[in-house]
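Everything below concerns the one structure shown next.
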Amino acid sequence: MAVATKKVRFSCGIDTLWNTVVDNENSAWRSDLSRIEILDSRHFVEYTKGGYPTAFTITALEPCRRYAFEMENTNMKGRWTGVFSEEDGQAFLTFTEEVAPKKFFMKPFVGAYLKKQQALYVADLEKELMKEK
């Protein structure tokens with residue numbers, strides 16, 4: 001299983017950061033997604049620009065503190081945990097992704113893929129939060 005953790009500081013309040021991250025009805029800011037289908041209060045499916053689906057099950061939703069979910073598609077299975085904090089008017093998000101590939105030949109590439117995805121997610125999130133200022 002590959003594990004990648006990233007801690008990022010944002011120049012906004014924790015409420016703004018939290019609301020942006022957990023709002024599955026507004027995914028336009030995500031450059032890697034075409035849409036999110038909300039199935040119920042705990043389940044949703046993200047679709048890449050190419051239409052590839054990944055299913056999610058929310059496992060923790062503690063407002064402005066912790067957001068976690070399990071995820072799975074035909075290539076991988078894993079979990080994402082985000083811890084939110086605030087200091088001196090700056091919001092922080094520390095998130096950890098743990099992913100296990102389902103196909104043996106993908107194992108050597110999972111770590112690099114996670115880091116690339118996390119960097120893209122942070123860049124997209126920063127752009128969205130700057131618009132909200």
| Length gain on complete extension for the stretch Asp15 to Thr94, per 0.36 nm per residue less the alpha carbon to alpha carbon distance? | 26.9 nm
| query | Which of the listed residues, Asn73, Ala112, Leu17, is farthest toward the dipole's positive end in the chain, when Lys, Arg count +1 and Asp, Glu count -1 at the beta-carbon? | reply | Ala112
| remark: In degrees, nearest 10, the alpha-carbon axis of helix 110-131 is tilted away from the dominant principal axis of the alpha carbons of the chain by 30 degrees
| query | In the stretch 1-86, which GluC sites (Glu not before Pro) are in a loop and have at most 10 other Cβ atoms within 10 Å, using DSSP for the loop call? | reply | Glu25
| task | Just need the relative contact order of the stretch 1-79 here, percent rounded to a whole number, with Cα pairs under 8 Å and 6+ apart. | result | 16 percent
| query | Are any of the pairs Lys107/Lys127; Lys6/Lys116; Lys102/Lys127 more than 21 Å apart by Cα-Cα distance, and if so, which? | reply | Lys107/Lys127; Lys102/Lys127
| field | Amide hydrogen neighbours beyond the local backbone of Met76, cut-off 5 Å, H modeled | value | Lys102
| message | How big is the stretch 1-56 along each principal axis, measuring the range of its Cα positions in Å and listing the largest first? | response | 33, 29, 22
| What number, in percent, do you get for the relative contact order of the chain if the mean sequence gap of Cα pairs under 8 Å and at least 6 apart is divided by its residue count? | 29 percent
| task | Over the chain, with every protein chain in place, what whole percent of the accessible area is carbon and sulfur at 1.4 Å, could you tell me? | result | 52 percent
| said: Give me a comma-separated list of calculated 3J(HN,Hα) values for the stretch 83-94, in order, Karplus coefficients 6.51, -1.76, 1.60 applied at θ = phi - 60°, integers in Hz, x for any Gly or Pro. | reply: 10, 9, 8, 9, 8, 6, x, 9, 9, 10, 10, 10
| message | If you consider only alpha-carbon coordinates, what radius of gyration and Dmax does the stretch 27-93 have, in Å? | response | 13.6, 42
| task | Please give every one of the aspartates and glutamates within straight-line cross-link reach of Lys7, meaning a C-alpha to C-alpha distance under 14 Å, and leave out same-chain neighbours fewer than 8 residues apart. | result | Glu86, Glu87, Glu97, Glu126
| query | Just from its helices, what would the mean residue ellipticity at 222 nm be for the chain, if runs of 4 or more DSSP H residues each count -39500 (n - 2.57) and the sum is divided by every residue, rounded to the nearest 500 deg cm²/dmol? | reply | -7500 deg cm²/dmol
| For the stretch 83-133, what ratio Rg/Rh do Cα atoms give with a Kirkwood hydrodynamic radius? | 1.12
| request: Note the listed values [x] 15.2, 48; [y] 15.2, 45; [z] 14.6, 46, then indicate which one is Rg and Dmax of the Cα atoms in Å calculated from this particular structure. | output: [z]
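The values are calculated or read from the model by the stated rules, or taken from the named source; none is laboratory data. What you see is a predicted model; the values in this text were computed from it and never measured. Ideal geometry is used to build each Cβ from the backbone, glycine not excepted, and the neighbour counts take in all protein chains shown. Remember, those area values only see protein heavy atoms, side chains included, never the ligands or the DNA or RNA. Shrake-Rupley method; radii C 1.70, N 1.55, O 1.52, S 1.80 Å.
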